[in-house]
Each structure stands twice: as structure tokens, then as C-alpha cells.
1. Give me the number: length gained by fully extending ALA140 to GLU78, i.e. 0.36 nm times residue separation minus the C-alpha to C-alpha distance, one decimal in nm.
2. Points 7 angstrom from Cα along the Cβ direction at TYR3 and ALA86: gap in nanometres?
3. Based on the mean of other Cβ atoms within 10 Å per residue, sort peptides 166-172, 137-143, 61-67 so the most packed one is first.
4. Please give the FRET efficiency for ALA150 paired with PHE176, using the beta carbon to beta carbon distance and R0 = 22 Å, rounded to the nearest 0.05.
Amino acid sequence: MPYPPPSRALPGPRRRTLLASAAGAALLAGCSPASDDPDAGTGGSPSLAERARARAARDSEGLVGRYDAVLAAHPALEGLVAPLRAEAARHVEAFGGGASGASASPSASPSGSGSPSPSASAPVPAVPSDERGALAELAAAERTLADQRAKTLLEMPGELARLLASVAAAGAAHAFLLTEGAK
């Protein structure tokens with residue numbers, strides 16, 4: 001009886017292993033920008049990151065305007081709201097937004113920033129007459145913006161994605177603190 005032919009398996013990695021490794025390496029290389037430019041790697045469109053950064057700055061300016069309106073309507077909430085408003089103003093600066101109205105003191109005018117950007121010049125919704133309602137609306141605005149930023153960061157390159165993640169986490173913490181303050 002003849003011996004069966006030897007198996008063709010050669011020592012070393014198999015073809016599937018090599019293909020999987022190559023695909024994994026390509027995937028990892030695609031996750032990080034190839035250059036030192038933090039806005040590179042968005043499908044050849046750095047303007048996408050620039051637009052996202054500008055929108056994030058405008059959104060933060062709008063949030064500062066909301067905080068200003070609440071502080072103007074309910075000065076007794078300054079202890080809770082003023083530090084969170086200051087953080088939102090820092091977020092405007094982190095995104096490269098105008099520091100004119102956003103970094104002003106909490107007693108600045110309720111209109112927020114004097115810049116002509118659509119979000120900043122949009123009318124701030126009326127502030128509820130009761131403090132709990134005002135805090136609840138601020139918390140909802142923070143939560144909505146944090147969720148929006150968390151979704152946006154998935155499409156952004158490295159440094160901008162990290163900034164959006166950090167600011168989204170801060171917004172979620174602000175929403176929690178405002179919700180607890182409304183109780």
C-alpha cells in the first residue's frame with residue numbers, strides 16, 4: 001500500500017494569516033494621518049476639519065449665550081452656572097472661536113458674542129421663570145451638544161477628534177451637574 005502524498009503545508013505563515021495581517025496593517029495606517037498636520041487625513045479634505053472646528057466654536061458661543069441669559073434671568077444661580085459658563089467660554093477659545101464675547105465675564109450681556117456667526121447671533125430661547133426649569137434647559141442644551149460632538153468626532157482627524165471628545169465629555173459632565181443642581 002502506497003503512502004499518501006505529503007501535505008502541501010509548508011512551515012511558516014499561511015496565506016490567510018498574511019492577508020489578514022496586511023488588511024489589519026492597512027486599516028491601522030488609515031486611522032492615523034500620514035503627516036504631522038493635525039487636520040490631515042480627512043479624505044484629502046482639510047476643509048472638513050476646519051468647518052467642523054468653526055461650527056464647534058459657534059456652537060460653544062451659542063451655549064455661552066444661553067448661560068449668559070440664565071445668569072441674567074436668575075442671578076442666584078451664579079455659584080453653579082458661572083463656572084460652567086467659564087468652561088464653555090474656554091471651549092470657544094479651544095476651537096479657535098472669537099474671544100470677544102465668549103471670554104467676557106459672566107455679567108456680560110445675554111447676547112453672547114458680538115460676532116456675526118449664525119449660531120452666536122441666533123436669538124437665545126426664552127429662559128424659564130423658575131430656576132429649576134432654567135437649569136433643566138441648560139442641561140438639555142449641554143447634553144444635545146455633547147451628543148452631537150461625540151458623533152462628529154468619529155469623522156475627524158486625530159487632534160481635532162481628541163479635542164471634540166474632551167469637550168463632549170465636559171459637556172456631559174456639565175449636563176449632569178446642572179441636572180443635579182435642578183433637584
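1. 20.5 nm
2. 8.3
3. 61-67, 137-143, 166-172
4. Plugging the Cβ-Cβ distance into 1/(1 + (r/R0)^6) gives 0.90.
The numbers here are math on the coordinates, done by the rules we state, and not lab data. These numbers were taken from a predicted model, which means no experiment stands behind them. Positions of Cβ are generated from backbone atoms using ideal geometry, with glycine treated the same way; all protein chains shown enter the neighbour counts.
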